[in-house]
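Below: the structure, in structure tokens.
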Amino acid sequence: MASVGRPIPAVTPDMAGFFEGARRGQLMVEKCDHCGALRFPAHDLCAKCLGRGATWVPVSGRGEIYSFNIMHQVYHPAFAAEVPYAVIVVKLEEGPKMISNLVGIKPHEIRIGMPVEVTFERGGEDLMIPKFRPRAR
């Protein structure tokens, strides 16, 4: 039986700054050029001031578990060996929320409010994927 490759995210022009930062080991979010609000993922308009234009800026990579779901079914064959695994929503210390995975912990040990920090996993020859791991308070 042939192995199935993992799906990798498309590096679109809107998200290029995010993936460039990840290659350097930095977690990036957009900062509105008009009001300074931070946002993720990339959007044409700022939800706070409706301004256009934003710049990718680095953030700490620290946050806490805002929400999570434990996946018990195999939705893609490349992830079959990882079931069960957690899909998390992290609220970054700077405010934006980000969907990712949590590594380094068993899914039943995850708690809302758990402090986490970013780590990066190779997702292809030239692609780094931000994931999160538990951190001490």
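Comparing M28, M71, M15 in a Gaussian network model of the chain (Cα springs below 10 Å), the most mobile by mean-square fluctuation is M71.
Given the rule -39500 (n - 2.57) for each run of at least 4 DSSP H residues, summed and divided by the residues of the chain, what is its mean residue ellipticity at 222 nm, to the nearest 500 deg cm²/dmol?
On the way: 1 runs with 8 residues, N = 137.
My calculation for the chain gives -1500 deg cm²/dmol from helical runs alone.
How much length is gained if the chain between V57 and I105 is pulled fully straight, taking 0.36 nm per residue apart and subtracting their Cα-Cα distance, in nm to one decimal?
On the way: separation 48, 0.36 × 48 = 17.28 nm, distance 2.88 nm.
Length gained, V57 through I105: 14.4 nm.
Dipole magnitude for segment 71-137: about 320 debye, using +1 per Lys or Arg Cβ and -1 per Asp or Glu Cβ, origin at the Cα centre.
Under a Gaussian network description of the chain, with springs only between Cα atoms under 10 Å, the residue in V103, V57, V83 that fluctuates furthest is V83. Can you tell which of F19, F40, F79 shows the greatest fluctuation in a Gaussian network model of the chain with Cα springs below 10 Å? Top of the fluctuation ranking is F79. The Kirkwood hydrodynamic radius of the chain, based on inverse pair distances between different Cα atoms, is 16.0 Å.
What are the equivalent ellipsoid semi-axes of segment 13-59, built from the alpha-carbon gyration tensor (square roots of five times its eigenvalues), in whole angstrom, biggest first? Mind dumping the intermediate values first?
On the way: eigenvalues 75, 20, 9 Å².
Taking √(5λ) for each Cα gyration eigenvalue gives 19, 10, 7 Å.
Please arrange K106, K97, K31, K91 by how many other C-beta atoms lie within 10 Å of their C-beta, fewest to most. Numbers along the way, then the final one.
On the way: K106 10, K97 13, K31 19, K91 16.
Fewest-to-most Cβ neighbours within 10 Å comes out as K106, K97, K91, K31.
Values in this text are rule-based calculations from the coordinates and carry no lab data. Keep in mind that this is a model prediction, so the values were computed, not measured. All Cβ positions, even for glycine, are placed from backbone atoms using ideal geometry, and neighbour counts span all protein chains on display.
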